[in-house]
1. Contour minus end-to-end for Gln42 and Lys184, with contour as 0.36 nm per residue of separation and end-to-end as the Cα-Cα distance?
2. For the chain, what is the accessible area per residue in Å², given a 1.4 Å probe and the full set of protein chains?
3. Leaving out ligands, DNA and RNA but keeping every protein chain, what accessible area does Thr176 have, in Å² rounded to the nearest 10, with a 1.4 Å probe?
4. About its Cα centre, how strong a charge dipole does the chain have in debye, to the nearest 20, once Lys and Arg get +1 and Asp and Glu get -1 at the Cβ?
5. Report the full-extension gain for the segment Leu175 to Lys31: residue separation times 0.36 nm, less the Cα-Cα distance, to one decimal in nm.
6. If you take the C-alpha gyration tensor of the chain, multiply each eigenvalue by 5 and take the square root, what semi-axes do you get, largest first, in whole Å?
7. Ranked from the most accessible area to the least, with a 1.4 Å probe and all protein chains present, what is the order of Thr171, Thr62, Thr150?
8. Do any trypsin sites (Lys or Arg not before Pro) in segment 11-57 lie in a loop, going by DSSP, with at most 14 other beta-carbon atoms within 10 Å of their beta carbon, and if so which?
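The values are calculated or read from the model by the stated rules, or taken from the named source; none is laboratory data. Please read all numbers here as calculations on a predicted model, not as lab measurements. A quick note on method: Cβ atoms are made from the backbone with ideal geometry, for glycine too, and the neighbour counts reach across all protein chains shown. Side chains included, ligands, DNA and RNA excluded: accessible areas come from the protein's heavy atoms. Shrake-Rupley method; radii C 1.70, N 1.55, O 1.52, S 1.80 Å.
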Amino acid sequence: MKVIIGLGNPGKQYENTRHNIGFMAIDRIIKKYNLDEKTKFQALLSEANIKGEKVIFFKPQTFMNLSGNSIIEIVNFYKLNPTEDIIVVYDDMDLPLGQLRVKDKGSSGGHNGIKSIISHLGENFIRIKCGIGKKKTDAVEHVLGKFSQTEQKELNEMLDEIVDCIEAIITVQNLTQVMQIYNKKKIITC
């Protein structure tokens, strides 16, 4: 079983903000597989069977900085091994918009949602870091800001790529191979 966790903040005021890229990715895959959501473990979740693997798509509703509180509930309930069974999708300001980075462990990099998860699970879980770019504005203002009209095309392409990456992790089951495909540097055109 795999649990794909998209990080974000619940509520209308946070919809389509950069910090909610994890929620957007989960919504995209839920739509692709035509899944229903239910509330459990302080989260919205959907279940699917992908290539014989039970997969739960999970959006914590505890707000970003307390994401670990929700995630530890599902980990304990299903007796999951975070190293193998958990995949977290979240925003990263240090990557250019549209760039993905797949990792199997690491620090929080200053991301409060990841800090919360690490406090409950440790550092060994799969991450899909999604580039939202860095602006010269305040970091909080940037991550809680919405994507501009000019960023929409790149955002949609990135969401499609995240879905493909999630499916590859589930079906290929060779993380090194998936990393070689998705960790390529994005060419910035100006």
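1. Between Gln42 and Lys184, full extension yields an extra 47.6 nm.
2. With all protein chains present, the chain gives 50 Å² per residue.
3. Surface open to solvent at Thr176 totals about 80 Å².
4. In debye, rounded to 20, the chain gives about 200.
5. The Leu175-Lys31 span can extend by a further 49.3 nm.
6. The three semi-axes for the chain are 23, 19, 16 Å.
7. Ranking Thr171, Thr62, Thr150 by accessible area, largest first, yields Thr150, Thr171, Thr62.
8. Lys51
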